[in-house]
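Q: Have a look at this one before I ask anything.
The values are calculated or read from the model by the stated rules, or taken from the named source; none is laboratory data. A quick note: this is a predicted structure, and the numbers were derived from the prediction, not measured. Cβ placement follows ideal geometry from the backbone for every residue including glycine, while neighbour counts extend to all protein chains displayed.
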Amino acid sequence: MSLSQQAYGRIKRKIVYLELEPGAVIDETALQEELDLGRTPIREALQRLEKEKLVTIVPRRGMFVTEISITDLYQIFELRLTVEALATRLAARRGTAVHWQQMADVLNSIPWDQATDQQLIEIDEACHHIIYAAAGNHFLEDMLITCYALSLRLWYFFLHRIGDMRTAVQEHQQIYEVLRDGNATEAVRLMEQHIQSFQAEMHAIMLGTSTEN
């Protein structure tokens, strides 16, 4: 892995996990010291993250972590709803027993009733990434990984106000079963339902209408 790729992965993680909060000024010098990497890989990583809408570069002002807004919510999920459905359909047709065993292993990695929110998020992320890989289209996979990272940042931002996240994992269990059986139509229906449910919850939280504490 190149130094630029290392910098990209580590800075992206800091942004998605809110170690660098929305709107925060990005200090390149501080990142160089913290990550023990040079100026060039840091700068290349930040430019790549700008293209992925996680960093905003303002000429003569500096670099900032991109803010989160309700407009972002609509646009991210509008795109995800379409491309995740496509990936799921392709995965049902192209996925192998190896993919579905990987997904089963993820879903069975920890008892759901004992899992923390962080562990449930990691299960959700792993399941989505397996489906992206099973679709067998690396252009589509790259697009979906970018979209998922934006969604994941929203999840972390509102985590303290999200209800029981086990429902999302249970939905993946259902998706896994129909994908394993090659049922593309049902897999797409379940995936669309999964994404729409998350979008509705995020929308309610952002508008302050959620009933969760």
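Q: How many residues does region 172-212 contain that are more than 23 Å from LEU120 (Cβ to Cβ) and surrounded by fewer than 15 Cβ atoms within 10 Å (Cβ to Cβ)?
A: 7
A quick yes/no check of all residues on (1) touching a Lys or Arg at 6+ places or on another chain (Cβ under 8 Å); (2) more than 22 Å from HIS172 (Cβ to Cβ):
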| residue | (1), (2) |
| --- | --- |
| VAL25 | no, yes |
| GLU28 | yes, yes |
| THR40 | no, yes |
| LYS51 | no, yes |
| SER69 | no, yes |
| GLN114 | no, no |
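Q: Within region 71-80, identify whether any single residue is charged (D, E, K, R), surrounded by fewer than 13 Cβ atoms within 10 Å (Cβ to Cβ), under 28 Å from LEU207 (Cβ atoms) and touching a strand residue (DSSP E or B) at 6+ places or on another chain (Cβ under 8 Å), and answer yes or no.
A: Scanning region 71-80 turns up no residue that is charged (D, E, K, R), surrounded by fewer than 13 Cβ atoms within 10 Å (Cβ to Cβ), under 28 Å from LEU207 (Cβ atoms) and touching a strand residue (DSSP E or B) at 6+ places or on another chain (Cβ under 8 Å).
Q: Answer yes if at least one residue in region 48-55 is part of a helix (DSSP H, G or I), loosely packed, with under 14 Cβ neighbours inside 10 Å and either polar (S, T, N, Q) or without any contact (Cβ under 8 Å) to a residue 40 or more places away in the chain (or both), and no otherwise.
A: Looking for residues that are part of a helix (DSSP H, G or I), loosely packed, with under 14 Cβ neighbours inside 10 Å and either polar (S, T, N, Q) or without any contact (Cβ under 8 Å) to a residue 40 or more places away in the chain (or both), one finds at least one in region 48-55, hence yes.
Q: What pairs can you find where one residue is in region 126-154 and of a type in the set (Ser, Thr, Tyr), the other is assigned to a helix (DSSP H, G or I), and their Cβ atoms are less than 6 Å apart, with a gap of 6+ or different chains?
A: TYR132/ALA87; TYR132/GLU141; TYR132/LEU144; TYR148/HIS128; SER151/ILE76
Q: Okay, moving on. State yes or no: is ARG166 exposed (fewer than 15 other Cβ atoms within 10 Å of the Cβ) and either within 30 Å of GLU21 (Cβ to Cβ) or basic (Lys, Arg) (or both)?
A: When the stated conditions are applied, ARG166 passes them.
Q: Any residue at all in region 121-136 that is within 22 Å of SER69 (Cβ to Cβ) and assigned by TED's automatic domain parsing to the domain that holds MET202?
A: Among the residues of region 121-136, at least one is within 22 Å of SER69 (Cβ to Cβ) and assigned by TED's automatic domain parsing to the domain that holds MET202, which makes the answer yes.
Q: Another question about this same structure. Which residues, counting only those in region 10-19, are part of a helix (DSSP H, G or I) and in contact (Cβ under 8 Å) with a residue 12 or more places away in the chain?
A: ARG10, ILE11, LYS12, ILE15, VAL16
Q: Count, please, the residues in region 20-47 that happen to be more than 13 Å from SER4 (Cβ to Cβ), small (Gly, Ala, Ser) and part of a helix (DSSP H, G or I).
A: Going through region 20-47 one residue at a time, the tally reaches 1.
Q: Within region 103-132, which residues are under 14 Å from the mean Cα position of the chain (by Cα) and either small (Gly, Ala, Ser) or on the phi > 0 side of the Ramachandran plot (or both)?
A: Across region 103-132, the qualifying residue is only ALA126.
Q: Before we move on, is ARG180 charged (D, E, K, R) and touching a residue at least 60 places away in the same chain (Cβ under 8 Å)?
A: Here the answer is yes, as ARG180 does meet what is asked.
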